[in-house]
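One structure is given here, and the rest of the page talks about it.
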Amino acid sequence: MLVAGFSLLDAGFWMLDDRMSYKKLQIWQLARELVTDIHKMTLTKLPKFEMFEEGSQIRRSIKSVKSTIAEGYGRRRYKQEFIRFLIYAIASNDETIDHLETLFETKSLTDNGVYETIHNKLEVLGKKLNLFIQSVEKGHISEK
């Protein structure tokens, strides 16, 4: 059975599958979708002055989530390295939520539907990242 780039062996351990790509991870796909959503939101829903302030910050933080997942995946042979980068991705996801909430609370983002849609996706991504970390902690073949 193949789960998130790992094959489950009969003994209950995980084996790396080199045919897998980070692009097949649900967490990376959702992060990619959010990069596009947030980029579009900052270009079309924010006042011009926010383009280079909070708009720039939120674009950078969500891009960091996506690229950190990819970088961690590149280090997947080493359990602790993989987990460390996934934790960095959670931190960047939390930062993105904070930027989004700031934009909404300061009334720079006034479209409630856009806010709710993006906020919900960010919450789902955070939960999926946490579950993925738990899976790696329990099933990775390497202790290091």
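The values are calculated or read from the model by the stated rules, or taken from the named source; none is laboratory data. Keep in mind that this is a model prediction, so the values were computed, not measured. As a convention, Cβ positions derive from the backbone with ideal geometry for all residues, glycine included, and neighbour counts pool all protein chains shown.
From the list Leu46, Leu103, which one is modelled with pLDDT of 95 or more, touching a helix residue (DSSP H, G or I) at 6+ places or on another chain (Cβ under 7 Å), assigned to a loop (DSSP other than H, G, I, E, B) and more than 27 Å from Gln134 (Cβ to Cβ)? Reasoning before the result, please.
Numbers: Leu103 fails: assigned to a loop (DSSP other than H, G, I, E, B).
One residue alone meets the criteria, Leu46.
Suppose the filter is crowded, with 17+ Cβ neighbours inside 10 Å, touching a residue at least 60 places away in the same chain (Cβ under 8 Å) and either out of contact with any strand residue (DSSP E or B) (no Cβ under 7 Å at 6 or more places or on another chain) or not β-branched (Val, Ile, Thr) (or both); does Ile83 pass it? Give the derivation first.
Numbers: crowded, with 17+ Cβ neighbours inside 10 Å: yes; touching a residue at least 60 places away in the same chain (Cβ under 8 Å): no; either out of contact with any strand residue (DSSP E or B) (no Cβ under 7 Å at 6 or more places or on another chain) or not β-branched (Val, Ile, Thr) (or both): yes.
For Ile83, the condition - crowded, with 17+ Cβ neighbours inside 10 Å, touching a residue at least 60 places away in the same chain (Cβ under 8 Å) and either out of contact with any strand residue (DSSP E or B) (no Cβ under 7 Å at 6 or more places or on another chain) or not β-branched (Val, Ile, Thr) (or both) - is not met.
When Arg76 is evaluated against the numbered criteria (1) modelled with pLDDT under 95; (2) closer than 14 Å to Phe132 by Cα; (3) not in a loop (DSSP other than H, G, I, E, B), which criterion, by number, is the only one it fails?
Result: Arg76 fails condition (3) only.
In the list Glu33, Glu50, which residue meets the criterion of being within 18 Å of His119 (Cβ to Cβ) and crowded, with 17+ Cβ neighbours inside 10 Å?
On the way: Glu33 fails: crowded, with 17+ Cβ neighbours inside 10 Å.
Answer to the selection: Glu50.
Six or more apart or on different chains, Cβ atoms under 9 Å: show the pairs whose first residue is in segment 91-109 and under 14 Å from Met41 (Cα atoms) and among the charged types (D, E, K, R) and whose second is in a helix (DSSP H, G or I) and modelled with pLDDT of 95 or more.
What qualifies is Glu101/Tyr115; Glu101/His119.
Touching a residue at least 40 places away in the same chain (Cβ under 8 Å), within 10 Å of the chain's Cα centre (by Cα) and crowded, with 16+ Cβ neighbours inside 10 Å: is that true of Lys128 in this structure? Give the steps one after another, and end with the answer.
Values: touching a residue at least 40 places away in the same chain (Cβ under 8 Å): yes; within 10 Å of the chain's Cα centre (by Cα): yes; crowded, with 16+ Cβ neighbours inside 10 Å: yes.
So Lys128 passes the test.
Being among the β-branched types (Val, Ile, Thr), more than 17 Å from Val35 (Cα to Cα) and surrounded by fewer than 17 Cβ atoms within 10 Å (Cβ to Cβ), is that true of even one residue in segment 115-125?
Within segment 115-125, the subset among the β-branched types (Val, Ile, Thr) is 117-118, 124.
Keeping just the survivors that are more than 17 Å from Val35 (Cα to Cα) gives none.
The answer is no; no qualifying residue exists.
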